[in-house]
Amino acid sequence: SAVVLAYLRTYAPKSNALYIPLSNLPRADLSLRPELLPVLSHANLKLEDLITLSDLPPPSKRVAQLPPDKTRWILVDHNALQGDLGKSYGQRLIGCIDHHDEEGKVPRDCEPRIIRKSGSCSSLIIEHHREAWNSLAKSSTSKETVAWDAELAKLALAPVLIDTTNLTNQSKTTPTDTEAVRYLAARIAAQQGSEYHPEHYFKEISEAKEDIGGLSVYDILRKDYKQWTEAGSMNLGVSSVVKDVRFLIEKSGSAEKFFDILKDFAAERELSLFSIMTTSHPEGVFKRELLLWATNEKAVGAAKKFEV
């Protein structure tokens, strides 16, 4: 989504700024996302082409080498600039496009300021920049430009398909997502010369995303991980995993070793409550699991209250 947004804003008619897409993770963590490989390949991109936190100056030298007043930031797929970046550049936000709950951290006078529920953040980007994309596409009709247009469309389409399970997840999918898929599929079809159906693309990405057999259990837990603080002092962490708990136990070697990994993972992050949310498809049937791990008495009480 960040790459698509940066491309559209940089090359849009009348644009006079260069937008740099920064992936909000260390470069080492790119290897935890095998689904990036097929997605990027359709746009003639590689993992090493992405710009990550590792490409910024080290925290101790960051402000000196990258002065805040020389930067402007647009948040994509989150609406609070956190950590070291938030401390140094939080006052330099000029825009945000996100589909999560409002955290009240983005100034009201930002433009764009789009924080609205949708299945995918990419859908909101397409909706907001549709006119710019149309104008950009009309500016040149060469075969090379049409091919680039289709590559960009595939890049934008991937997160929409995954976030909405190819528009089949009714609890997440919104009309914005449906229209985004229609619009992007039409752009790809224009290059192919025939109607485009995203089902095969969705299958390709899904299979890559679920191919986590080469990762350690520790890396699987940090692959899709989020953390926040509640009640002032209770740290909560959530790992989303595309295999069931039985897979994690078997990969660990035993239940005891699995729980040792959980204990160490939670301790390193000073978590009060750690949860694992799994999705799997045993015998073709969709299945979810939730595991809660409480590390202190207060968290145990919260877990029991949640269970009730």
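The values are calculated or read from the model by the stated rules, or taken from the named source; none is laboratory data. The model shown is predicted, which means the values in this text are computed figures rather than measured ones. Every residue, glycine as well, gets a Cβ built from its backbone with ideal geometry; the counts of neighbours run over all protein chains shown. Ligands, DNA and RNA are excluded from the accessible area calculation, which covers all protein heavy atoms including side chains. Shrake-Rupley method; radii C 1.70, N 1.55, O 1.52, S 1.80 Å.
Quick check on packing: order 90-102, 286-298 by the mean number of other C-beta atoms within 10 Å, highest mean leading.
90-102, 286-298
Hey, with R₀ at 35 Å, roughly what FRET efficiency would Gln170 and Lys87 work out to, going by the Cβ-Cβ distance, to 0.05?
0.30
Compare Ile126, Ile261, Ile114 in a GNM of the chain, Cα atoms joined below 10 Å, and give the one with the largest fluctuation.
Checking each option, the largest mean-square fluctuation is seen for Ile261.
Which of the lysines could a cross-linker bridge to Lys243, judged by Cα under 22 Å and excluding same-chain residues fewer than eight apart?
Of all the lysines, those that pass the test against Lys243 - Cα under 22 Å, at least 8 places apart if same chain - are Lys172, Lys203, Lys209, Lys223, Lys226, Lys251, Lys257, Lys263, Lys287.
At Arg108 and Arg130, where each label point lies 7 Å from the Cα along Cα→Cβ, what is the point-to-point distance in nanometres?
Output for this residue pair reads 2.8 nm.
Please turn the phi angles of the range 128-145 into ³J(HN,Hα) values with the Karplus equation 6.51 cos²θ - 1.76 cosθ + 1.60 (θ = phi - 60°), one per residue in order, whole Hz, x for glycine and proline.
After applying 6.51 cos²θ - 1.76 cosθ + 1.60, I find 6, 9, 4, 4, 5, 5, 4, 5, 4, 5, 6, 5, 8, 10, 5, 4, 5, 5 Hz.
Among His129, His78, His281, His200, what's the order by accessible area (1.4 angstrom probe), most exposed first?
In descending accessible area the options line up as His200, His281, His78, His129.
Shape call for the range 109-168 from the C-alpha gyration tensor, a ≥ b ≥ c root eigenvalues: rounded (a/c under 1.5), prolate (a/b greater than b/c) or oblate?
Judged from the Cα gyration tensor, the range 109-168 comes out oblate (a/c at least 1.5, b/c at or above a/b).
I'd like the antiparallel share, as a percent to the nearest 5, of DSSP beta bridges with both residues in the chain.
If we restrict to bridges inside the chain, about 50 percent are antiparallel.
Which percentage, to the nearest 5, of the DSSP beta bridges contained in the range 174-308 is antiparallel?
Rounded to the nearest five, the antiparallel share is 70 percent.
Note down the magnitude of the dipole of the range 174-308 about its Cα centre, charges +1 on Lys and Arg C-beta and -1 on Asp and Glu C-beta and zero elsewhere, to the nearest 20 debye.
260 debye
Tilt of helix 2-11 relative to the longest C-alpha principal axis of the chain, in degrees (0 to 90, nearest 10)?
20 degrees
In nm, to one decimal, how far is the Ala147 label point from the Asp260 one, both placed 7 Å along Cα→Cβ?
5.4 nm
Of Gln227, Ala150, Gly104, whose Cα points farthest to the positive end of the dipole of the chain (charges on the beta-carbon: +1 Lys, Arg; -1 Asp, Glu; origin at the Cα centre)?
Gly104
Can you give the accessible area per residue of the chain, in Å², using a 1.4 Å probe?
On a per-residue basis, 56 Å².
Quick one: what does P(r) look like for the chain with 20 Å bins over all Cα pairs, in whole %?
Histogramming the chain at 20 Å steps yields 28, 59, 13, 0 percent.
Using label points projected 7 Å from each Cα along Cα→Cβ, tell me how many nm separate Glu270 and Ser15, to one decimal.
Here the modelled spin labels are 4.0 nm apart.
Calculate how steeply helix 175-192 sits against the longest principal axis of the alpha-carbon atoms of the chain, using the helix alpha-carbon long axis, and give the answer as 0 to 90 degrees to the nearest 10.
Approximately 50 degrees, to the nearest ten.
So if each residue of separation counts as 0.36 nm, and I subtract the Cα-Cα distance between Ala189 and Arg62, what length gain in nm does that give?
41.3 nm is the gain from fully extending Ala189 to Arg62.
Multiplying the sequence separation of Lys287 and Glu179 by 0.36 nm and subtracting their Cα-Cα distance, what value in nm do you get?
Stretched fully, the Lys287-Glu179 segment lengthens by 36.1 nm.
Which angle between 0 and 90 degrees, to the nearest 10, do you get for helix 255-268 versus the longest principal axis of the chain when only C-alpha atoms count?
The answer is roughly 70 degrees.
Given a 1.4 Å probe and heavy atoms of the protein chains only, how would you sort Met234, Met277, largest accessible area at the top?
Most to least solvent-accessible, the answer reads Met277, Met234.
Leaving ligands and nucleic acids out of the surface, order Trp148, Trp133, Trp228 by accessible area at 1.4 Å, largest first.
Sorted descending by solvent-accessible area, the residues read Trp148, Trp228, Trp133.
Would you mind checking the radius of gyration and Dmax of the range 148-294 based on alpha-carbon positions, in Å?
18.7, 57
Note the full-extension length gain between His197 and Glu250 as 0.36 nm times their separation in residues minus their Cα-Cα distance, in nm to one decimal.
The His197-Glu250 span can extend by a further 15.4 nm.
What's the center-to-center distance, using Cα atoms, between the range 112-133 and the range 270-286 in Å?
Using only Cα atoms, the two centres lie 29 Å from each other.
Based on Cβ point charges of +1 for Lys and Arg and -1 for Asp and Glu, what charge dipole magnitude is obtained for the chain about its Cα centre, in debye rounded to the nearest 20?
680 debye
Using the alpha-carbon centroid of each, what span in Å lies between the range 178-198 and the range 31-85?
29 Å
Roughly how many percent of the accessible protein surface of the chain is carbon and sulfur, given a 1.4 Å probe and a whole-percent answer?
Reported share for carbon and sulfur atoms: 52 percent.
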